[in-house]
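Following: one structure in structure tokens, then a few remarks.
The values are calculated or read from the model by the stated rules, or taken from the named source; none is laboratory data. All figures in this text were calculated on a predicted structure; none of them were measured in a lab. Cβ placement follows ideal geometry from the backbone for every residue including glycine, while neighbour counts extend to all protein chains displayed. Accessible surface areas use protein heavy atoms only, side chains included; no ligands, DNA or RNA. Shrake-Rupley method; radii C 1.70, N 1.55, O 1.52, S 1.80 Å.
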Amino acid sequence: MIKNKVSPFLRELASPQFTLICIGLSMLIVIGGTLAQVKLGVLGAQKIFFDSFLVFWSPSSSLKIPIFPGGLTIGVLWLVSLGASFFYRFKYTSKDVGMILTHVGIVVLLIGQLLTQTLSREAHVSMSLGQTRNFIESKDLELAVVMTSDPTSDHVTSVPYSVFSRGRTVSAPALPFSLKVLNFYTNARLLKMGAGWIPEELPPETGDSESNSPVAHVELFDGSQSLGSWFVSSSPDEPQQVSFQGQTYQLIIRPKRIYLPYTLTLKDFRHEVYPGTNIPKSFSSLIHLDDPGRNESRDILIYMNHPWRYGGRAFYQASYGDNDTTSILQVVKNPVWMTPYVSSGLMALGLLLQFSLHLIGFMRKPS
Amino acid sequence: MKKWIPALIVGSCVLTVLAGLRQPPTKNGPDLISFGKLPSFYRGRVMPMDSIARTSLLMISGTQVLRTPTGEKSAIEWLADVLWDPQKTIGDPLFEIDDPDVLGLMTIEQTKRRRFSFQEIQPFMGEIDKQAAHADGLDVSQRTRFHNSILLLQNRVVLYQELGWASLGQTLMLGMPSSEFPGWGMPYITMGNAYRKGDAARFNAALEECAGNLSQSVSKKTRLAGYEAFLNHVEPFYKSMIIYVLAFLLVSFSFLGARQSLVRAGFGLMSLAFVLHTLGLVSRIVIQGRPPVTNLYSSAVFVGWAAALLGLGLEWIYRKGIGTLVTSIIGFLTLIVAHHLALQGDTMEMLQAVLDSNFWLTTHVVTIMIGYSSTFIAGFLAMGYLFRRAFSRNPDIRGEEALETMVYGVICFAAFFSFVGTVLGGVWADQSWGRFWGWDPKENGALLIVLWNVFILHAWNLPKIKPVSIMMMAVFGNVITALCWFGVNMLGIGLHSYGFMDKALLWLVVFIVTQLAVLSLGFFPSRQGAGVPSTTPNSSDKPRGRK
């Protein structure tokens with residue numbers, strides 16, 4: 001009964017016309033997303049155009065009108081249409097093996113990209129020469145409460161951005177007080193006013209090279225009694241000190257730290273240029289890995305086009321700083337990183353089969 | 001009688017090319033041609049003095065030959081003067097200045113004269129430096145034409161001074177690790193002294209000593225540098241560009257008469273141009289020790305080469321002249337683009353670290369360039385289809401079907417290569433920064449070409465869509481490919497942007513407008529069959545089912 005209603009609809013989705021619509025929509029979203037990068041930067045445009053279900057147009061800040069399906073919607077539409085084609089359109093004959101393989105490849109590619117966009121996590125680790133790190137930093141923010149009065153131990157309690165930006169009261173078992181975010185500024189700078197600070201809000205940065213300096217207005221509570229409020233920023237020059245029950249705590253907003261079950265030490269960083277020019281020839285970082293859990297202790301060389309995969313993460317030479325004494329590695333965790341390889345293998349094989357058949361026909365035709 | 005016409009045309013062109021291989025030796029003067037072959041280390045790579053001369057002159061004045069009031073100076077003659085007798089060059093009309101405001105700064109009215117000497121510029125150097133420093137501090141998006149021009153002029157003066165005026169050969173000698181080039185030292189100084197005094201015999205003796213030293217100590221580099229200097233002299237790309245035009249003209253005239261012989265002559269010339277094009281391409285691979293495409297310049301050279309190769313293949317199968325006609329235009333256009341890109345500097349410059357991977361340059365870049373190339377071929381074939389449909393009264397259904405088959409075949413080819421190339425690019429990106437796909441403008445551009453070719457292939461299977469619409473889509477493929485190839489660089493963003501061009505934007509727009517104009521021919525009713533009784537089916541507007 002249901003099948004009878006669904007089937008003509010799926011048949012429609014499997015039609016070549018609908019395929020053309022999917023391709024056309026994809027082209028439009030890609031063009032839009034590319035042009036928007038001039039203003040929004042690659043990441044900004046990606047969020048709005050490709051990592052979204054709908055693309056909004058906002059003529060004023062309060063108004064948001066959906067004007068185009070986002071990349072995720074188009075991807076899903078395409079998948080549904082392809083899936084339906086497997087049932088209603090494709091003929092399973094020996095002549096069409098290439099074509100079928102190609103389309104299976106596209107399904108894998110689309111699913112892989114959808115999963116990557118939702119599951120993949122990018123972070124980075126910045127190390128100066130000789131420095132040892134046991135954490136990487138993600139693009140998200142956290143509000144960290146660091147107990148500074150006891151420098152021997154590393155008492156840190158952090159609140160993820162998703163929680164503190166919503167104005168909820170947060171209490172953590174490790175903290176003697178609870179805290180509430182009264183206000184949050186995406187980009188602001190703190191100005192000294194007498195003994196305290198006031199935030200001056202700045203327009204949010206959207207480009208790739210600039211970054212925001214967030215500020216949170218936080219109130220601390222001992223039970224229900226307020227201890228006062230503080231402006232917490234991301235600048236290490238403006239830390240907020242709080243003394244409570246004989247301990248000193250520092251409040252700071254910083255990139256969210258993800259702790260690793262092993263440590264990395266930067267032993268050497270090399271940045272070579274071609275003689276007589278400023279053109280970089282190569283970058284490389286010599287890292288020492290210490291993983292007591294897996295009993296691993298060895299040196300690793302990470303350089304351009306040669307990432308290092310370990311424990312589900314891949315480390316890439318991304319950048320450098322401080323006169324070549326600091327190396328910045330990009331760290332990517334993508335559980336489905338294999339899918340493009342599988343799908344491109346399938347598609348290349350399929351297309352090769354299909355087009356060789358065509359080419360033979362094409363060469364024969366004129367005679 | 002007509003049989004020997006093609007042989008005659010092709011034969012004379014071959015002879016002209018062969019004659020151009022010979023380099024006339026210098027008579028009673030310093031042997032600057034041999035000097036031009038000496039290897040040196042400049043801008044990060046080993047290159048012959050001749051290449052330093054040509055690249056520098058090209059970057060400063062936009063030409064490879066300097067026209068002075070007393071006569072022409074070749075690049076190497078100019079360089080010898082700059083290195084050893086710079087006083088002689090300060091009056092040469094060297095610096096190309098197009099901007100009226102920059103000229104105004106030097107109280108010069110803009111006339112037809114476009115090149116100015118160092119003598120004329122020198123009194124204003126303080127002001128030029130001041131203005132350039134101001135322009136340099138501006139954000140790129142805020143710079144006006146004046147700012148860009150003053151920066152360019154300052155760079156050119158610095159380049160000129162670097163070469164010799166301020167620091168007599170310092171750059172060359174300093175940039176040259178003496179351990180790598182034992183043999184330059186003393187003879188080089190002797191050469192300079194002898195050159196200044198006009199003592200050709202001593203100059204040549206020192207030169208010979210220097211060359212002898214170098215060919216002993218660094219024999220491979222010396223040989224390659226000598227070969228590069230020879231290649232500079234032969235100018236294979238410039239010559240094949242001209243021969244592509246000749247091939248195009250011959251085949252175009254074939255539509256007026258003497259069809260078979262002219263088509264055959266066109267094929268012959270096309271092959272000759274291709275041989276020269278290949279010579280240049282392979283030589284660059286040998287000299288650089290790199291795959292053919294390493295920068296925007298070489299991408300243009302390669303796209304033209306691949307198009308010519310495919311065109312010869314099409315012509316071999318069909319023998320109708322259309323393969324030659326179409327790919328000779330692409331060969332010419334891409335080489336002229338390359339010719340202008342060469343103004344930006346050394347075309348064999350070293351590669352940024354991230355690009356330094358011969359494996360990926362070979363697989364990803366070459367594949368994607370074949371994709372661009374074949375998309376252009378399909379587009380230009382479709383242009384031919386639209387022209388015929390609009391202007392030829394001669395109904396030729398077989399010819400039309402042959403063109404449709406060709407376009408279909410080429411688009412399949414283009415779809416395959418652009419797809420494989422794009423995926424390989426993703427694999428490279430995954431290897432180098434952990435992201436198979438990052439929505440980078442260049443990636444998106446490649447994706448658009450794939451999507452468009454796939455769109456056409458799927459549209460082909462719809463009986464509702466007429467062949468003429470498919471052809472219009474194929475022409476639009478030219479627009480998309482041009483935008484993705486060059487337009488993306490003009491966005492000036494993203495990890496892949498390897499060159500920003502100002503004037504190129506204008507030409508890109510011109511190209512797109514012409515493509516759209518040709519495309520719009522498809523909107524008009526076909527002229528074929530006009531004047532023929534209406535019982536003849538109007539072929540091109542008749543829908544027909546395809547496989």
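Could you go through region B:111-119 and let me know if any residue there is among the polar types (S, T, N, Q), assigned by TED's automatic domain parsing to the domain that holds B:E162, open to solvent by 60 Å² or more (accessible area, probe 1.4 Å) and assigned to a helix (DSSP H, G or I). Yes, region B:111-119 has at least one match. Taken together, the residues in region A:48-60 that are surrounded by 14 or more Cβ atoms within 10 Å (Cβ to Cβ) and either more than 11 Å from chain B (Cβ to nearest Cβ) or part of a helix (DSSP H, G or I) (or both) amount to 6.
Based on this model, can you work out whether A:K256 counts as in contact with a Lys or Arg (Cβ under 6 Å, 6 or more places away or on another chain) and closer than 26 Å to A:L143 by Cα? Show your work before the answer.
On the way: in contact with a Lys or Arg (Cβ under 6 Å, 6 or more places away or on another chain): no; closer than 26 Å to A:L143 by Cα: yes.
Criteria not met by A:K256.
Candidates B:I317, B:I285: the one that is without any contact (Cβ under 8 Å) to a residue 40 or more places away in the chain and farther than 22 Å from B:M383 by Cα is B:I285. Among the residues of region A:317-324, is any open to solvent by less than 50 Å² (accessible area, probe 1.4 Å), at pLDDT below 90 and within 14 Å of another protein chain (Cβ to nearest Cβ)? Yes, because at least one residue in region A:317-324 is open to solvent by less than 50 Å² (accessible area, probe 1.4 Å), at pLDDT below 90 and within 14 Å of another protein chain (Cβ to nearest Cβ).
Is it true that B:R284 is among the charged types (D, E, K, R), under 22 Å from the mean Cα position of the chain (by Cα), open to solvent by less than 30 Å² (accessible area, probe 1.4 Å) and within 29 Å of B:Q23 (Cα to Cα)?
Values: among the charged types (D, E, K, R): yes; under 22 Å from the mean Cα position of the chain (by Cα): yes; open to solvent by less than 30 Å² (accessible area, probe 1.4 Å): yes; within 29 Å of B:Q23 (Cα to Cα): yes.
Here the answer is yes, as B:R284 does meet what is asked.
Residues in region B:246-266 that are hydrophobic (A, V, I, L, M, F, W, C) and open to solvent by 50 Å² or more (accessible area, probe 1.4 Å) were compared, and the one that is farthest from B:T334 (Cα to Cα) is B:L256. Answer yes if at least one residue in region B:458-465 is open to solvent by 10 Å² or more (accessible area, probe 1.4 Å) and at positive phi, and no otherwise. No, the conditions are met nowhere in region B:458-465.
Taking into account only those residues within region B:1-21 that are outside any helix (DSSP H, G or I) and not small (G, A, S), which is nearest to the chain's Cα centre (by Cα)? Full working, then the answer.
Within region B:1-21, the first condition is being outside any helix (DSSP H, G or I), and the residues that meet it are B:1-3, B:20-21.
Add one more test, that the residue is not small (G, A, S), and what stays is B:1-3, B:21.
On the way: B:M1: 39, B:K2: 36, B:K3: 35, B:L21: 21 Å.
So, considering only residues that are outside any helix (DSSP H, G or I) and not small (G, A, S), the one nearest to the chain's Cα centre (by Cα) is B:L21.
Residues in region B:293-320 that are open to solvent by less than 20 Å² (accessible area, probe 1.4 Å), within 14 Å of B:V263 (Cα to Cα) and within 14 Å of chain A (Cβ to nearest Cβ): B:L314, B:E315.
Scoring A:Q17 on the criteria (1) within 13 Å of chain B (Cβ to nearest Cβ); (2) in contact with a helix residue (DSSP H, G or I) (Cβ under 8 Å, 6 or more places away or on another chain) leaves a single failure, condition (2). Answer yes or no as to whether A:L25 is touching a strand residue (DSSP E or B) at 6+ places or on another chain (Cβ under 9 Å), in contact (Cβ under 8 Å) with a residue 40 or more places away in the chain and within 12 Å of chain B (Cβ to nearest Cβ). Yes; evaluated as a whole, the condition is true for this residue.
So which residues in region B:137-195 are among the β-branched types (V, I, T) and at pLDDT 60 or above? Before you say what the answer is, go through the steps one by one.
In the first step, residues of region B:137-195 are kept if they are among the β-branched types (V, I, T); the result is B:140, B:144, B:150, B:157-158, B:171, B:189-190.
Scanning region B:137-195 gives B:V140, B:T144, B:I150, B:V157, B:V158, B:I189, B:T190.
Of all the listed residues (B:S534, B:S520), the sole one being at pLDDT 90 or above and exposed (fewer than 14 other Cβ atoms within 10 Å of the Cβ) is B:S520. Checked against (1) away from chain B (no Cβ under 14 Å); (2) within 33 Å of the chain's Cα centre (by Cα); (3) under 22 Å from A:G112 (Cα atoms), A:I74 passes all but a single condition, namely (1). Which one of these is more than 10 Å from every other protein chain (Cβ to nearest Cβ), surrounded by fewer than 24 Cβ atoms within 10 Å (Cβ to Cβ) and in a helix (DSSP H, G or I): B:G421, B:G426? Exactly one residue qualifies, and that residue is B:G421. Can you pull out the residues in region A:261-289 that are surrounded by fewer than 18 Cβ atoms within 10 Å (Cβ to Cβ), more than 13 Å from every other protein chain (Cβ to nearest Cβ) and touching a residue at least 40 places away in the same chain (Cβ under 8 Å)? Scanning region A:261-289 gives A:P261, A:Y262, A:T263, A:T265, A:K267, A:D268.
Here A:V38 fits the description: facing chain B (nearest Cβ under 7 Å) and open to solvent by 50 Å² or more (accessible area, probe 1.4 Å).
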